[in-house]
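Enquirer: This structure is in structure tokens; I'll ask about it shortly.
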Amino acid sequence: MVVKTNTKTFEEALYMTGFGRFNCLMMLVNISVILAMAFEVVSVAYLVPASACELKTTNAQQGLMAGIPLMGIIATSHFWGYLADTRGRRKILIVCMSLGFLAGSLSALSPNWIMFSVLKFLSSCAVSGTYALALTLLSECTPHHKRSIMVALTSTIYLTSTGIMAVLTIPVLHLDMAYPIPYLNIDFIPWRLLTLVFAFPCAFAALALYFAFESPRFLLRIGEEEKALNIIKSIFSINSGKSGDDFNVDSLILGEDAGKFVKGMWASLAAQTIPLLKPPLLKNTLLLGVLFTIIYFALNSVLVWLPFIADAMMKSIEKGDINLTICDMIRRVQNTPIEDVNQDCALNEFGMISVFIISVMIATFNVVLSTLINKMGRKRLLVCVQLIAGVAGVCVNASRMWTVSGACLIVFLAGVLNFGFLSTFSVDIFPTSVKAMAVCLTLMVGRGSSVLGISILKNMFVTNCELAFYLFGGLTVVGGLIGFLLPSDVKMVKNHKEDTKQET
């Protein structure tokens, strides 16, 4: 069908490109980026306990090592958001993935836990903005009516990554290998090989991004209308199989406030940040910041220590201690004599299989809910998931049957589905001129709280495990109640249409 109107808003033109092969390819690129980021950031959940024997780390040191990647994310998310909004999403993502691979690979040669932490800090600094930037790039290349589903589905890969990593640890950590490296005074043993395995996806993602398109919405905002139009025509051609000449649109308008261009890095940085802290965006910035804080503090902390929890449960079950709560099982492992623990730092095989199964279950549940997101509504879905997960978290230690406790733990962890659902609000609420910055900032606040949550939870596993689940589960319920303040889908669509009409 040949379009007769020569000038269209960006959203109208993007809708006309259809939904097909290009969008699937962009989804695959997005998946590679998120998988790479997850492998690098979450890898500490497996590498910290696996390296404990060689690096001789204490409980406190392990807690610090596990929180280091999130510290890196806090340190540089703002910076990457600024660069993405001024230099382009694709270009910055390539730089991030390349630096992440370099620092992540070097951490495999760490002679002590301090050097390991420093290199993991640098690698996490590199990949800190990639999740938000990948979501932004995907959303700006996807028609509005499919955007929520696509963005929500990306969190499926993040959730599955934990399980994939658990499976990879089984063969790698059980290898019988030790190659001395005299210059560093270390032995290249299985956990170091696992570190390289976890770093490799960053290199693959950088290569995939090299062949991807830049965001046409970003190009249009900075005045590169011709380049943006050419990309739109290419998307149409890939999706429809027709020539780009059949896409008869000669001019594009953004359809929203493009923001003011300011010279100078710090002035530009301030110009992108200050609008988020002033009306009318302030309310949404605060609301999303609070919700991301609660979700990351209460749920991501538990997710990070899931391999540790599963390892403790399986070791207790193998010993026949089945009539115990999850906290009792954790205490049994914590009280194991040090000489017994140091005999083998490889994580329990059945524990890692359990992590994989749990991750696949949650990821599958995410796919199902993502397909229903437009029918049920994002707000209703987010609130329901949050409340149910919170109640389950409080009930984790209510039974001495490990199957019941395990089921409650799985439902509690299902609350991480809101990582993706809440992100769909972020990419829709904020205008293009500050979108990447807004997503990075709200995620940064959330991940900052997770650093505190990870350390607190690890300590409470030893001092007062039951209180930990009451606290983290109760906070999750509070997040569900705050979720009622989010704008409804109908209101967001109405505001979007009004902005488009005003620009036209």
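The values are calculated or read from the model by the stated rules, or taken from the named source; none is laboratory data. Note that the structure is a prediction, hence the values are computed from the model and not measured. Please note: Cβ atoms are built from the backbone with ideal geometry, for glycine as well, and neighbour counts cover all protein chains shown. Only protein heavy atoms, including side chains, enter the accessible area calculation; ligands, DNA and RNA are left aside. Shrake-Rupley method; radii C 1.70, N 1.55, O 1.52, S 1.80 Å.
Residues are listed down the side, and each one gets a yes or a no for (1) within 16 Å of the chain's Cα centre (by Cα); (2) farther than 27 Å from V44 by Cβ; (3) open to solvent by 10 Å² or more (accessible area, probe 1.4 Å); (4) touching a residue at least 12 places away in the same chain (Cβ under 8 Å):
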site: I388; (1), (2), (3), (4): no, yes, yes, yes
site: G415; (1), (2), (3), (4): yes, no, no, yes
site: G420; (1), (2), (3), (4): yes, no, no, yes
site: V427; (1), (2), (3), (4): yes, yes, no, yes
site: V439; (1), (2), (3), (4): yes, no, no, yes
site: S449; (1), (2), (3), (4): yes, no, yes, yes
site: L457; (1), (2), (3), (4): no, no, no, yes
site: M460; (1), (2), (3), (4): no, no, yes, no
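Enquirer: Might you let me know whether segment 84-102 holds any residue that is at pLDDT below 85, more than 27 Å from S237 (Cβ to Cβ) and either open to solvent by 10 Å² or more (accessible area, probe 1.4 Å) or in contact with a Phe, Trp or Tyr (Cβ under 7 Å, 6 or more places away or on another chain) (or both)?
Expert: yes
Enquirer: Same structure, new question: Among residues belonging to segment 224-258 that are of a type in the set (G, A, S) and under 31 Å from the mean Cα position of the chain (by Cα), point out the one that is farthest from T136 (Cα to Cα).
Expert: Step by step, filter segment 224-258, then rank; the result is S234.
Enquirer: Would you confirm, using the coordinates I've provided, whether K233 is farther than 30 Å from L55 by Cβ, free of Cβ contacts under 8 Å to residues at least 40 places away in the same chain, in contact with a Phe, Trp or Tyr (Cβ under 7 Å, 6 or more places away or on another chain) and assigned to a helix (DSSP H, G or I)?
Expert: yes
Enquirer: Would you mind finding the one in I164, I186 that is under 27 Å from L382 (Cα atoms) and surrounded by 13 or more Cβ atoms within 10 Å (Cβ to Cβ)?
Expert: The unique qualifying residue is I164.
Enquirer: Something else: Within segment 285-306, restricting attention to residues that are open to solvent by 30 Å² or more (accessible area, probe 1.4 Å) and out of contact with any Ser or Thr (no Cβ under 7 Å at 6 or more places or on another chain), which residue is modelled with the lowest pLDDT?
Expert: Step by step, filter segment 285-306, then rank; the result is L286.
Enquirer: Let me ask another. Pull up segment 355-378, narrow it to residues that are among the polar types (S, T, N, Q) and open to solvent by 30 Å² or more (accessible area, probe 1.4 Å), then point me to the one that is modelled with the highest pLDDT.
Expert: Among those residues, the one meeting the criterion is T364.
Enquirer: Would you confirm whether or not segment 178-185 contains a residue that is touching an Asp or Glu at 6+ places or on another chain (Cβ under 7 Å), among the small types (G, A, S) and either under 24 Å from H78 (Cα atoms) or assigned to a helix (DSSP H, G or I) (or both)?
Expert: No - not one qualifying residue is present in segment 178-185.
Enquirer: Let me confirm something: among M150, M165, M97, M115, which residue is touching a Cys at 6+ places or on another chain (Cβ under 6 Å), of a type in the set (A, V, I, L, M) and over 23 Å from V445 (Cβ atoms)?
Expert: Just a single option satisfies the conditions, and that option is M97.
Enquirer: Could you please let me know if H174 is touching a His at 6+ places or on another chain (Cβ under 8 Å) and open to solvent by 10 Å² or more (accessible area, probe 1.4 Å)?
Expert: no
Enquirer: Has segment 466-482 got at least one residue that is of a type outside the set (G, A, S), touching a residue at least 24 places away in the same chain (Cβ under 8 Å), closer than 27 Å to G129 by Cβ and open to solvent by 10 Å² or more (accessible area, probe 1.4 Å)?
Expert: yes
Enquirer: Now a separate question. If you check A199 against the conditions, is it touching a residue at least 24 places away in the same chain (Cβ under 8 Å) and under 25 Å from I92 (Cα atoms)?
Expert: So A199 fits the description; yes.
Enquirer: Among K435, K379, which is the only one that is of a type in the set (K, R), over 25 Å from V478 (Cβ atoms), touching a residue at least 60 places away in the same chain (Cβ under 8 Å) and assigned to a helix (DSSP H, G or I)?
Expert: Answer to the check: K435.
Enquirer: Then there is this: Hey, among the residues in segment 317-332 that are touching a residue at least 24 places away in the same chain (Cβ under 8 Å) and farther than 10 Å from E466 by Cβ, which one's surrounded by the most Cβ atoms within 10 Å (Cβ to Cβ)?
Expert: Among those residues, the one meeting the criterion is M329.
Enquirer: Is it the case that S105 is small (G, A, S), modelled with pLDDT under 85, within 24 Å of T195 (Cα to Cα) and assigned to a helix (DSSP H, G or I)?
Expert: no
Enquirer: Are any of the residues in segment 129-144 crowded, with 23+ Cβ neighbours inside 10 Å, farther than 30 Å from S488 by Cβ and at pLDDT below 85?
Expert: no
Enquirer: Right, here's the next one. Can you pull out the residues in segment 270-284 that are in a helix (DSSP H, G or I) and surrounded by fewer than 22 Cβ atoms within 10 Å (Cβ to Cβ)?
Expert: If the condition is that a residue be in a helix (DSSP H, G or I) and surrounded by fewer than 22 Cβ atoms within 10 Å (Cβ to Cβ), then A270, A271, T273, I274, L276, L277, L282, K283, N284 are the ones that fit.
Enquirer: Checking the structure you have, find out if any residue of segment 391-411 is under 15 Å from the mean Cα position of the chain (by Cα) and surrounded by 22 or more Cβ atoms within 10 Å (Cβ to Cβ).
Expert: So far as segment 391-411 goes, no, none of its residues is under 15 Å from the mean Cα position of the chain (by Cα) and surrounded by 22 or more Cβ atoms within 10 Å (Cβ to Cβ).
Enquirer: Keeping to segment 236-247, report how many residues are free of Cβ contacts under 8 Å to residues at least 60 places away in the same chain and crowded, with 21+ Cβ neighbours inside 10 Å.
Expert: The qualifying residues number 0.
Enquirer: Right, here's the next one. Any residue at all in segment 41-55 that's modelled with pLDDT under 90, open to solvent by less than 20 Å² (accessible area, probe 1.4 Å), within 25 Å of S215 (Cα to Cα) and of a type in the set (A, V, I, L, M, F, W, C)?
Expert: Scanning segment 41-55, I find no residue that is modelled with pLDDT under 90, open to solvent by less than 20 Å² (accessible area, probe 1.4 Å), within 25 Å of S215 (Cα to Cα) and of a type in the set (A, V, I, L, M, F, W, C), so the answer is no.
Enquirer: Got a sec? Which of D344, D340 is at pLDDT below 85, open to solvent by 70 Å² or more (accessible area, probe 1.4 Å) and assigned to a helix (DSSP H, G or I)?
Expert: Step by step, each of D344, D340 is checked, and only D340 is at pLDDT below 85, open to solvent by 70 Å² or more (accessible area, probe 1.4 Å) and assigned to a helix (DSSP H, G or I).
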